Amino acid sequence: MMEPILTRYVREPNSYTLDFFLKHQGYDGLKKALGMAPNDVIEAVKASGLRGRGGAGFPTGLKWQFVLKDTPKPKYICCNADESEPGTFKDHLLMERNPHLLFEGCLIGCWAIGAKVAYIYIRGEFYHVQKIMEAELAKAYAQGYVGKNIMGSGFDCDIVIHRGAGAYEAGEETALIESLEGKRAQPRIKPPFPAVAGLYNAPTAVNNVETLCNLPAILTNGAAWFTSLGPEKNGGPKLFCVSGHVKKPGVFEATMKTTLRELIFDHAGGLRDGHKLKAVIPGGSSVPILLPEQLDIPASFDDVAKAGSMLGSAGIIVMDETTCMVWVARNLLHFYKHESCGKCTPCREGGDWLLKILTRLENGEGEMRDIDLLVSVGGNIAGKTLCAFGDAAATPALTTVKHFRAEFEAHVREGRCTLPADWRASKTPVGAH
Amino acid sequence: MSFHPLMVYDRDHFHRSERTRLDEGKAFTFTPERRAALDDLLTKYPPDQKRSAVLAALYLVQEQEGYLTANGMRHVAGILEMTPAEVEDVATYYVMFFRERVGKYVLQVCRTLSCALAGAERVTEALSEKLGIKVGETDPSGMFTLLEFECLGACDRAPIVMVNNEHWHERVRPQDAGRLVDDIRARGVAAFNGCHLKLEKS
Ligand SMILES: Cc1cc2nc3c(=O)[nH]c(=O)nc-3n(C[C@H](O)[C@H](O)[C@H](O)COP(=O)(O)O)c2cc1C
Ligand code: SF4
Ligand code: FES
């Protein structure tokens with residue numbers, strides 16, 4: 001196992017304080033960056049091959065390079081701290097236990113693209129985290145690490161923590177910008193991309209928390225070190241969130257050479273005693289299921305994609321043999337129906353229909369043709385919407401039917417759920433949750 | 001028109017948007033402290049982008065009134081130079097704003113997959129039984145409201161209950177849910193065990 005970089009000190013008392021951070025190379029990466037020309041910082045990040053940790057895996061250096069340079073407008077970094085993809089809780093840990101690392105990353109990003117403000121858009125539910133961050137940010141201002149003339153360099157840069165109010169879709173980058181502007185979190189039509197016209201119509205880079213937290217180490221240790229940590233094009237340390245039916249759910253830092261099986265069985269302690277693995281969702285609820293025999297692959301963006309799924313937000317949800325896959329699909333479609341921003345018809349209406357069909361199937365009130373109807377409705381959402389939410393919403397229905405069609409048929413044939421687990425509701429009907 | 005050929009919209013099957021009238025509430029102005037807090041927040045955004053503070057302003061209304069009233073929203077609209085409709089548009093989108101009176105403790109149980117795999121449905125059932133109310137309701141004493149929320153971003157500590165948009169109680173077991181209610185009655189917010197800070201080695 002590698003020496004953790006991002007989460008090395010998270011269990012130490014006071015790891016979140018400025019004093020602790022400064023004793024452990026805190027703000028060294030920023031110091032290095034401020035001694036370099038902004039463009040050289042972008043080149044260093046490009047050379048590291050750092051890919052966005054928010055879900056899409058897009059190269060961060062390239063994203064920064066696209067940010068419009070010749071413009072009289074201000075520029076912005078928006079840090080995406082909305083972390084709402086079911087199964088994902090890594091940014092939560094980073095912000096709560098290592099907030100200065102994120103501030104340092106934000107400032108490096110601002111220096112590189114020429115921004116004077118970074119907005120950290122944090123989901124409203126993380127208010128307990130926000131309060132810790134605000135107290136620490138005040139200390140960083142007081143000691144000259146944020147604000148005017150940072151570390152005597154002449155560089156001025158502010159950090160503002162902006163609280164969301166409960167909306168998964170606010171994590172989509174243009175919806176995040178809309179929400180920051182005081183509107184509903186509904187995405188914009190692209191192009192123009194945020195790099196050209198983002199927050200307040202000015203050039204903007206939207207970066208995930210974990211992405212920004214990687215920057216200090218890249219500057220201190222160098223791009224070559226970063227790439228050497230993982231498979232080709234999948235360098236650096238990575239945080240994996242393992243939850244569900246494992247003994248030790250948690251956030252684990254490893255390289256993307258680590259296999260999914262190792263993450264589940266070594267890091268997260270394997271399944272509860274006496275239980276067998278049934279299915280794994282490797283990248284947050286929006287990605288296709290992998291079966292137990294597909295887990296001996298490196299948990300990298302490219303290898304998981306090759307296996308037919310996505311690394312996404314690295315939220316690994318583990319399910320054992322007690323889990324009914326019709327119920328899983330219904331549970332997740334409830335989420336997607338609830339969170340659809342409503343801007344485009346296939347997602348708004350289709351999600352609702354998928355939930356209705358799945359509810360009647362799970363209740364044993366479905367017909368055989370409902371199974372094909374699910375596939376057909378799902379196919380009419382995926383690829384036909386304004387943002388990637390549509391594909392995400394169709395996925396739980398499509399992937400469960402693909403791998404576990406027999407379970408759907410059994411529900412119809414027997415007129416009831418054929419796998420009611422003891423951890424599920426016992427007194428209220430399906431649909432109440 | 002229907003979105004899928006097999007899914008007709010007729011007299012019995014149609015989609016209707018759920019527009020609700022907001023409660024007028026009492027006449028509203030921010031307390032001087034809250035008004036000062038909002039003015040301070042406004043300095044964090046460009047002067048012509050006051051609207052960016054609307055979520056923060058609505059949280060302040062909710063803090064003062066317990067929920068969002070139409071009067072509160074009109075007051076916010078005046079300060080932020082928005083129309084009341086624009087404020088209502090935002091207020092009705094985000095789930096952390098309450099549009100009707102809620103109990104002193106709003107129990108927000110996470111219902112999404114990882115929590116459900118760890119027994120969240122049974123936690124909700126146990127709370128519902130103990131309080132004698134269904135999800136979405138407030139108990140007659142006005143002390144508790146029971147809600148289900150979607151993934152709260154702490155699935156390793158499942159099942160999670162958030163309280164009043166702010167306090168957290170993690171690893172709730174169905175068999176302990178009833179005791180939690182008694183504990184809240186006795187000790188208030190001290191009953192909650194918090195979140196990740198517990199990670200610290202002691
Ligand atoms: C529906 C939806 C939800 C998303 N939620 C998040 C999120 O909670 N956090 C996040 O960092 N990215 C999220 N993303 C991805 C962002 O749109 C964006 O790609 C990312 O923030 C870019 O940062 P990165 O390049 O550092 O990954 C979401 C995307 C979609 C389509
Ligand atoms: S796909 Fe869904 S979430 Fe995305 S814009 Fe359309 S309605 Fe909104
Ligand atoms: S599923 Fe409950 S916190 Fe993620």
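The values are calculated or read from the model by the stated rules, or taken from the named source; none is laboratory data. Owing to the predicted nature of the structure, the values given are computational and were not obtained by experimental measurement. For neighbour counting, all protein chains shown are included, and Cβ atoms are generated from backbone atoms with ideal geometry for every residue, glycine included. These accessible areas exclude ligands, DNA and RNA; they are computed on the full protein's heavy atoms, side chains included. Shrake-Rupley method; radii C 1.70, N 1.55, O 1.52, S 1.80 Å.
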Losing no less than 50 Å² of accessible area (probe 1.4 Å) relative to the isolated chain, the residues of the range B:54-68 are B:Leu55, B:Tyr59
Given pairs A:Lys90/A:Lys248; A:Lys90/B:Lys104; A:Lys90/A:Lys278; A:Lys23/A:Lys238; A:Lys131/B:Lys44; A:Lys63/A:Lys139 and cut-off 20 Å on Cα-Cα distance, the over-length ones are A:Lys90/B:Lys104; A:Lys90/A:Lys278; A:Lys23/A:Lys238; A:Lys63/A:Lys139
Computed magnitude of the charge dipole of the range A:287-387 (debye, nearest 20; Cβ of K, R +1, Cβ of D, E -1): 540
Using every Cα-Cα pair within the range A:167-210, state what percent have a distance larger than 17 Å. 22
Taking only Cα atoms and a 10 Å spring cutoff, compute GNM fluctuations for chain B and point out the largest among B:Arg21, B:Arg101, B:Arg157. B:Arg21
Given a cut-off of 16 Å, what percent of all Cα-Cα pairs of the range A:390-430 lie beyond it? 52
For the range A:337-386, run through the GluC sites (Glu not before Pro) and keep only the ones in DSSP coil with at most 13 other Cβ atoms within 10 Å of their Cβ. A:Glu367
Return the loop-located GluC sites (Glu not before Pro) in the range A:216-311 (DSSP other than H, G, I, E, B) with at most 14 other Cβ atoms within 10 Å of their own Cβ; answer none if there are none. A:Glu232
With a probe of 1.4 Å, find how much accessible area the range A:183-314 has per residue, and write the answer as a whole number in Å². 33
How much accessible area is lost when chains B and A come together, counting both sides, with a 1.4 Å probe, in Å² rounded to the nearest 100? 6100
Would you list the P(r) distribution for chain B, with all Cα-Cα distances sorted into 5 Å bins from 0 and each bin expressed as a whole %? 1, 7, 13, 14, 14, 13, 14, 12, 8, 3, 1, 0, 0
To the nearest 20 debye, what charge dipole does chain A have about its Cα centre, counting +1 at the Cβ of each Lys and Arg and -1 at the Cβ of each Asp and Glu? 460
State the volume of the convex hull built on the alpha-carbon positions of the range A:245-400, expressed per residue in Å³ and rounded to an integer. 116
In the range B:114-156, what is the volume of the convex hull around the alpha carbon atoms, normalised per residue and reported in Å³? 73
Given A:Ser228, A:Gly198, A:Ile150, which one lies farthest toward the positive end of the charge dipole of the range A:100-233, if we put +1 on the Cβ of every Lys and Arg and -1 on the Cβ of every Asp and Glu? A:Gly198
Among the aspartates and glutamates, select those whose C-alpha is under 19 Å from the C-alpha of A:Lys46, and discard any that sit fewer than 8 residues away in the same chain. A:Glu104, A:Glu210, A:Glu232, A:Asp302
Counting only protein heavy atoms, probe 1.4 Å: which residues of the range B:75-99 lose 10 Å² or more of accessible surface in the full assembly compared with their chain by itself? B:Asp89, B:Val90, B:Thr92, B:Tyr93, B:Tyr94, B:Val95, B:Met96
Using only the alpha carbons of the range A:205-291, what is the convex hull's orientation-averaged projected area in square nanometres? 6.8
Can you give the Rg and Dmax of the range A:75-121 based on its C-alpha atoms, in angstrom? 11.5, 34
Would you tell me the accessible area of A:Asp82, worked out with a 1.4 angstrom probe on the heavy atoms of the protein chains, in Å² to the nearest 10? 10
Across the Cα atoms of the range A:183-243, what radius of gyration and what greatest pairwise Cα-Cα distance (Dmax) are found, in Å? 16.0, 43
With no solvent and one equal point scatterer placed on each C-alpha of the range A:106-265, evaluate the Debye formula and give log10 I(q)/I(0) for q = 0.09, 0.14, 0.17 Å⁻¹, two decimals. -0.39, -0.95, -1.26
Anisotropy class of the range A:335-429 from Cα gyration tensor, a/c 1.5 cut: prolate
Where q = 0.22, 0.25 Å⁻¹, what log10 of I(q)/I(0) comes from the Debye formula for the range A:243-331, counting one point per Cα? -1.09, -1.40
Using only helices, what value at 222 nm comes out for chain B when you add -39,500 (n - 2.57) per DSSP H run of length 4 or more and divide by the total residues, to the nearest 500 deg cm²/dmol? -11000 deg cm²/dmol
For the range B:64-191, report the accessible area per residue in Å² (1.4 Å probe, heavy atoms, rounded to an integer). 36
Cα centre as origin, Lys/Arg/Asp/Glu Cβ charges: the range A:183-334 dipole, Debye: 640
Inter-part gap, Cα centre of the range A:266-335 to Cα centre of the range B:133-202, in whole angstrom, is 27
Excluding ligands, DNA and RNA, the carbon-plus-sulfur percentage of the accessible area of chain A with a 1.4 Å probe reads 53
Using alpha carbon centroids, what distance separates the range A:55-109 and the range A:154-223, in Å? 6
Springs between alpha-carbon pairs under 10 angstrom, Gaussian network model over chain A: which of A:Gly274, A:Gly49, A:Gly144 fluctuates most? A:Gly274
Heavy atoms only, probe 1.4 Å: what % of the accessible area of chain B goes to carbon and sulfur, would you let me know? 50
Of the convex hull enclosing the alpha-carbon atoms of the range B:98-202, the direction-averaged projected area in nm² is 6.6
The range A:1-157: C-alpha pair distances exceeding 21 Å, %: 48
Show log10 I(q)/I(0) for the range B:28-106 at q = 0.14, 0.16, 0.18, 0.24 Å⁻¹, two decimals, from a solvent-free Debye sum over equal Cα scatterers. -0.41, -0.54, -0.68, -1.17
Give, in nm to one decimal, the length gained when the segment between B:Asp23 and B:Arg187 is fully stretched (0.36 nm per residue of separation minus the Cα-Cα distance). 55.9 nm
Compute the Rg to Rh ratio over the range B:157-197 from the alpha carbon atoms, using the Kirkwood formula for Rh, and round to two decimal places. 0.93
So how long is each side of the protein assembly as shown along the principal axes, counting just the alpha-carbon atoms, biggest first, in Å? 72, 63, 55
Using +1 at the C-beta of Lys and Arg and -1 at the C-beta of Asp and Glu, which of B:Cys110, B:Ala190, B:Val161 has the Cα lying farthest in the positive direction of the dipole of the range B:70-202? B:Ala190
Just name one of A:Gly274, B:Ala85, A:Val209: the one whose Cα is farthest towards the positive end of the charge dipole of the protein assembly as shown (beta-carbon charges, Lys/Arg +1, Asp/Glu -1). A:Val209
